[in-house]
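Data first, discussion second: the structure below is written as structure tokens.
The values are calculated or read from the model by the stated rules, or taken from the named source; none is laboratory data. This is a predicted model, so every value here is computed, not measured. Here the Cβ positions follow ideal geometry from the backbone for every residue, glycine too, while neighbour counts run over all protein chains shown. For the accessible areas, the whole protein counts, side chains as well, though only heavy atoms, and no ligand, DNA or RNA atoms are used. Shrake-Rupley method; radii C 1.70, N 1.55, O 1.52, S 1.80 Å.
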Amino acid sequence: MATLTTSAPRVAVPAVLKHRAVHKLLLLALAAAVLVPLADARWASGSWPAALTVDLSTPLTHVSDWIIDNRDSHPLFLYGFGYVSNAVVICVRAVYLVLLAAGWAGVTAVGALVAWRVAGVKLALGTAAAFLACGLLGMWIPTMQTLALMVVAVLASVLVGVLLGLGAGLSDRLERALRPVLDTMQVLPAFAYLLPVVLVFGIGVPAAVLATVVYAAPPMARLTSLGLRGADKEVLEAVDSLGATARQRLLTARLPLARKELLLGLNQTIMMALSMAVIASVIGAAGLGDRVYQALASVDVGAALAAGIPIVLLAVVLDRVTCAAGEHAGEERENTRRGWLYAAVAAVAVALAGRLAGRLDWPGSWTLNIADPVNRAVDWMTAHLYSGVPVVGGTADWAGHFTTWVLDPVRGGLQWLPWWSVLLVVAALAWLIGTWRTALTAVLAMAAIGVLGVWKPSLDTLSQVLAAVAVTLVLGFATGIAAARSDRFERLLRPVLDVFQTMPQFVYLIPVVALFGVGRAPAVAAAVVYALPAVVRITTQGLRQVDPAALESARSLGATPAQQLRQVQLPLARPALLLAVNQGVVLVLAVVIIGGLVGGGALGYDVVFGLAQGDLATGLVAGAAIVCLGLMLDRVTQPTERRATKGA
């Protein structure tokens, strides 16, 4: 007898449940359902439990006191760090004396002639004008102090970076070991580098130089490794077939082929060294940064601007010259050696002429005082534009409204959330955009902040970062979309972005203090202005690199420009947009921390307070929290695709 069998009806699973992100969220919800009640039963308080906090202030204070007490007597300092410190001081002093001996005419001539040989007459004239402007603003000596510090720091950074890059480029094992270290170092705010070196070397030039070296060496190491690994394999095989040794292969093939990457690394190292050399004024580096720091401390916007303009000019000149060197790398130029010889002879002749004429120092009568008129303009702004402007209000009103309507609610909301819910949100965001390892790293970094006992100040800093990132992304995406759709607008925007991307972080504080005074809102405004160029540029490039065939198909189907943007360009440019978000977050955090100098409070203030009052324990705990916060924000916003190719 035949039997009929029927298959059981299949239960249709909703399409949304098949999505991988939903699986991750369900797993996370399951883990939360088990762990949260246990945590809530044991630590009912919404804030970070005191039982999970480790007080590092006492041991750090003991370490700091021991270092201070033994710095002049212990063998570790006398025969170790002491030699390093003395060598740094001697090198910086020697370079500074050479610059003074060359005189303002000699330094200007050397700078202009180097720019002429590398980039042509136009940039040579710009370089000469930049140096002369430093003198006219009465900042010749501070400029030479900054240059001396930078020369030593850049040479040391290049040496360290090239050695690390050679090792990573030739050894896969070392490359795998270095990659996470370099990744982490490149997302940390500059302030985080200051305290460890101050703990060992104290306040002064050695600490400033070494902090600058640690901050500026990673891009040189990464690009050196990238250049060596990207060398043309056919050329290397040809060299091998000639019986070259490993040393000959490196010197005659791999390093020459990596010349462009090496020069790009030099450019990045110089720009980061300048940025850090300015910030290092907080720990005793003299020069232009110190003038800006002292002026900001007394809210003297005119004096800050007089020191800030030379910083910007130096940044633009150094960036353009090193970029031009990279662009012309590998080109065969006629009479190169003869041209350099003529340039050297001309520079020496100008320096000797200045010395014989007794004009080594910049003449005091040739200076232009812009501080007073700028301060008068700021006073006028304070009287007429800060508050009570009909209809639009004043700049101080805008800052106050932004603080009251945005920063305070965001900070209050974050601090109101139970600590475990913050960890859950971090885990969810990091896991959705990356892997479980990403989520685990981000959660551990956030939890470490609580363990350090700075949960509330960190959430205060996080609230400023979130507000600044939101404004940056709205403005950056809108401007980037407009630039991607209009060639003329992009051409107008490009030089502005170039200049803004070369300016050190410290400089952005000057205009916001002039416009908005001090407080959290000015710190956020400076962070927005600093991060905006990178977001605009990445967004524009991402949209312009969308496959033209996809756009043509959309047009042929009758899609409007808005539909093309929403349904084709933005989805296809998703990796670039995620990268823009990541870069925006990292750059915003860097300036929000520096905003502690202008009333930003939170972790930035703790670092400044620790440095200013010699309370290194407070500063170091805040610095460690900044490191954890930077790591968490980077992991939460770093796309998996980028991580897979980063440092390759």
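For residue 615 and residue 478, calculate 0.36 nm times their separation in residues minus their Cα-Cα distance, and state this gained length in nm to one decimal.
The residue 615-residue 478 span can extend by a further 44.9 nm.
Please check the chain for the longest run free of GluC sites (Glu not before Pro) that are loop-located per DSSP (anything but H, G, I, E, B) and have at most 14 other Cβ atoms within 10 Å.
In the chain, the maximal stretch lacking such sites is 1-330.
Determine the dipole magnitude for region 28-160: charges of +1 sit on the beta-carbon of Lys and Arg, -1 on that of Asp and Glu, nothing else is charged, the reference point is the Cα centre, and the result goes in debye to the nearest 20.
640 debye
Quick one: grab the alpha carbon gyration tensor of region 90-231, order the square roots of its eigenvalues as a ≥ b ≥ c, and give me rounded if a/c is under 1.5, else prolate or oblate depending on whether a/b is larger than b/c.
Working: a/c = 2.61, a/b = 1.50, b/c = 1.74.
Cα axes put region 90-231 in the oblate bin.
In 5 Å bins starting at 0, how do the alpha-carbon pair distances of region 22-106 split up by percent?
3, 10, 8, 9, 8, 8, 7, 7, 7, 7, 9, 7, 5, 4, 1
Note down the magnitude of the dipole of the chain about its Cα centre, charges +1 on Lys and Arg C-beta and -1 on Asp and Glu C-beta and zero elsewhere, to the nearest 20 debye.
Rounded to the nearest 20 debye, it is 1540 debye.
Given a Förster distance of 22 angstrom, what is the FRET efficiency for residue 39 paired with residue 432, based on the Cβ-Cβ distance and rounded to 0.05? Display every interim value, and only then the final one.
Working: r = 22 Å, r/R0 = 1.02.
It comes out at approximately 0.50.
Which value, to two decimals, describes the C-alpha radius of gyration of region 473-589 once divided by 2.2 N^0.38 Å?
Normalised Cα radius of gyration, region 473-589: 1.22.
At a probe size of 1.4 Å, how large is the accessible area of residue 456, to the nearest 10 Å²?
Roughly 110 Å² of residue 456 is accessible to a 1.4 Å probe.
Please compute P(r) over all alpha-carbon pairs of region 78-135, binned at 5 Å starting from zero, and give each bin as a whole-number percent.
4, 19, 17, 15, 13, 10, 8, 7, 4, 1, 0
By the gyration tensor of its Cα atoms, with a ≥ b ≥ c the square roots of the eigenvalues, what is the shape of region 289-408: rounded for a/c under 1.5, prolate for a/b over b/c, or oblate? If you can, show how the numbers build up before the last one.
Numbers: a/c = 4.03, a/b = 1.93, b/c = 2.08.
In terms of gyration-tensor shape, oblate.
Given the convex hull over the Cα atoms of region 379-533, what projected area results after averaging over all orientations, in nm²?
Value for region 379-533: 12.4 nm².
For region 391-482, just say rounded, prolate or oblate: build the C-alpha gyration tensor, square-root its eigenvalues into a ≥ b ≥ c, call rounded for a/c under 1.5, and beyond that prolate if a/b exceeds b/c, oblate if not.
Because a/c hits 1.5 or more and a/b fails to exceed b/c, region 391-482 counts as oblate.
Which of these values of volume of the Cα convex hull per residue in Å³ was calculated from the structure shown: (1) 264; (2) 148; (3) 170?
Given (1) 264; (2) 148; (3) 170, the structure-derived one carries the label (1).
Of the lysine pairs in the chain, how many meet both conditions: Cα atoms under 26 Å apart, and a spacing of 8 or more in sequence or different chains? Could the numbers behind the result be given before it?
Details: 24/646; 122/260; 233/260; 233/646; 260/646.
Total qualifying Lys-Lys pairs in the chain comes to 5.
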